[in-house]
Structures are given as structure tokens and as C-alpha cells.
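Colleague: Sharing a structure here in C-alpha cells format.
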Amino acid sequence: MKYLVMVHGSQADYEAMAGKPSAGSPAWTEQDMQAMFAFMEGVNNDLVASGEMVDGNGLATPASTRAVLPGADGRPVVTEGPYGDAQKQIAGYWVLDCASPERVTEIAARIGLCPQPEGAPVYPVVVRPIMDDGSELAEATT
């Protein structure tokens, strides 16, 4: 079964990683950043070695996000950086092919141990199964 595993962060968290603290998001030091990168590299290397990694990436800041909606005239309405500093957004993801829900939960728990400065916000690691053929959707409605 394939799963989408997501980590979250806010614009303020990204700014804290760049050394600009705010309430609830202390500034990260170079050592904090290196510890996070080393940890995530270890997780990624292990997932590649186990054959469970399908894809994974960190995402750019929420401020670089754009939301696209259809306008009344059918033309797209684009909003740049629509999210406030405090709203958490997806900060990175993995697509994993795991043998069981227990295994992907084990991986998510490990990801949740990523080092960060004391006082930094803690977000859940979110796991969602990826539908294979749509039958999961039919099951959810019955």
C-alpha cells in the first residue's frame, strides 16, 4: 500500500529556520539546521535502502504558495501567498510503499523525532493512504 506522509510548518517556522524568531518559533542555529538535515538524510537513506521510498521532498515557504480558483468568467483567479504566519501548511512529504499501516506508523513516529530547537512548535506527522483504484472511495460511502 502506498501512503502520503506529511510534515507541517508555518511561514513563521520557515523564518525561524532562517534565524528570524517570532512568538512560538525560536530562531534556529546553524547547528540546529545541520542536525535536522542529517536526521532527515538518515531517514531518507534508510527508506531508499528498504525499498519503501517512492518520492519525497521539502517544500518552499508558504509565502511562495499560490492558490488558483476558477473565476466567474471561467478565467483563473490567482492569490499569491494566501496563508497567514500562524497557519500550518505542508512543509514536506514522502510517498512511501509500505507493507502495513503499522510500518508506515513506525516511520511517521521516527520522523516525529526530528531534532529542533527547544520551544519550537510540534506538529503531527500526517499519514494518508493513497487510493489505488478508487475502490477505497466506494468503501467509504457505504
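The values are calculated or read from the model by the stated rules, or taken from the named source; none is laboratory data. Keep in mind the model is a prediction, meaning the values are calculated, not measured. Note that we place each Cβ from the backbone using ideal geometry, even for glycine, and neighbour counts take in every protein chain shown. Accessible surface areas use protein heavy atoms only, side chains included; no ligands, DNA or RNA. Shrake-Rupley method; radii C 1.70, N 1.55, O 1.52, S 1.80 Å.
Colleague: Quick one: which residue in VAL95, VAL54 is within 14 Å of the chain's Cα centre (by Cα), surrounded by 14 or more Cβ atoms within 10 Å (Cβ to Cβ) and modelled with pLDDT of 95 or more?
Modeller: None of the other options fit; the residue is VAL95.
Colleague: Going by the structure shown, is TYR83 at pLDDT below 90, open to solvent by 50 Å² or more (accessible area, probe 1.4 Å), among the aromatic types (Phe, Trp, Tyr) and under 20 Å from the mean Cα position of the chain (by Cα)?
Modeller: Against the criterion (at pLDDT below 90, open to solvent by 50 Å² or more (accessible area, probe 1.4 Å), among the aromatic types (Phe, Trp, Tyr) and under 20 Å from the mean Cα position of the chain (by Cα)), TYR83 qualifies.
Colleague: Consider only pairs whose beta carbons are under 9 Å apart and that are at least six residues apart or on different chains; among these, list those whose first residue lies in region 109-136 and is without any contact (Cβ under 8 Å) to a residue 60 or more places away in the chain and whose second residue is open to solvent by 60 Å² or more (accessible area, probe 1.4 Å) and part of a loop (DSSP other than H, G, I, E, B).
Modeller: Filtered contacts from region 109-136: GLY112/VAL122; GLY112/TYR123; GLY112/PRO124; VAL122/GLN116.
Colleague: Scan region 70-77 and give yes if some residue there is within 23 Å of PRO117 (Cα to Cα), open to solvent by less than 70 Å² (accessible area, probe 1.4 Å) and not hydrophobic (A, V, I, L, M, F, W, C), otherwise no.
Modeller: no
Colleague: Which of the residues that make up region 1-14 are open to solvent by less than 70 Å² (accessible area, probe 1.4 Å) and not in a loop (DSSP other than H, G, I, E, B)?
Modeller: Within region 1-14, TYR3, LEU4, VAL5, MET6, VAL7, HIS8, GLY9, GLN11, ALA12, ASP13, TYR14 qualify.
Colleague: For PRO101, work out the one condition from (1) modelled with pLDDT of 95 or more; (2) open to solvent by 90 Å² or more (accessible area, probe 1.4 Å) it doesn't fulfil.
Modeller: Unmet for PRO101, out of (1) modelled with pLDDT of 95 or more; (2) open to solvent by 90 Å² or more (accessible area, probe 1.4 Å): (2).
Colleague: Continuing with the same structure: Count, please, the residues in region 109-136 that happen to be modelled with pLDDT of 95 or more and polar (S, T, N, Q).
Modeller: Residues in region 109-136 being modelled with pLDDT of 95 or more and polar (S, T, N, Q): 1 in total.
Colleague: Can you tell me how many residues in region 16-43 are open to solvent by 20 Å² or more (accessible area, probe 1.4 Å) and either in contact (Cβ under 8 Å) with a residue 24 or more places away in the chain or among the hydroxyl-bearing types (Ser, Thr, Tyr) (or both)?
Modeller: Here the count works out to 11.
Colleague: May I pose another question? So, VAL68, is that one assigned to a strand (DSSP E or B), modelled with pLDDT under 95 and β-branched (Val, Ile, Thr) or not?
Modeller: Details: assigned to a strand (DSSP E or B): yes; modelled with pLDDT under 95: yes; β-branched (Val, Ile, Thr): yes.
Spelling it out, VAL68 is indeed assigned to a strand (DSSP E or B), modelled with pLDDT under 95 and β-branched (Val, Ile, Thr).
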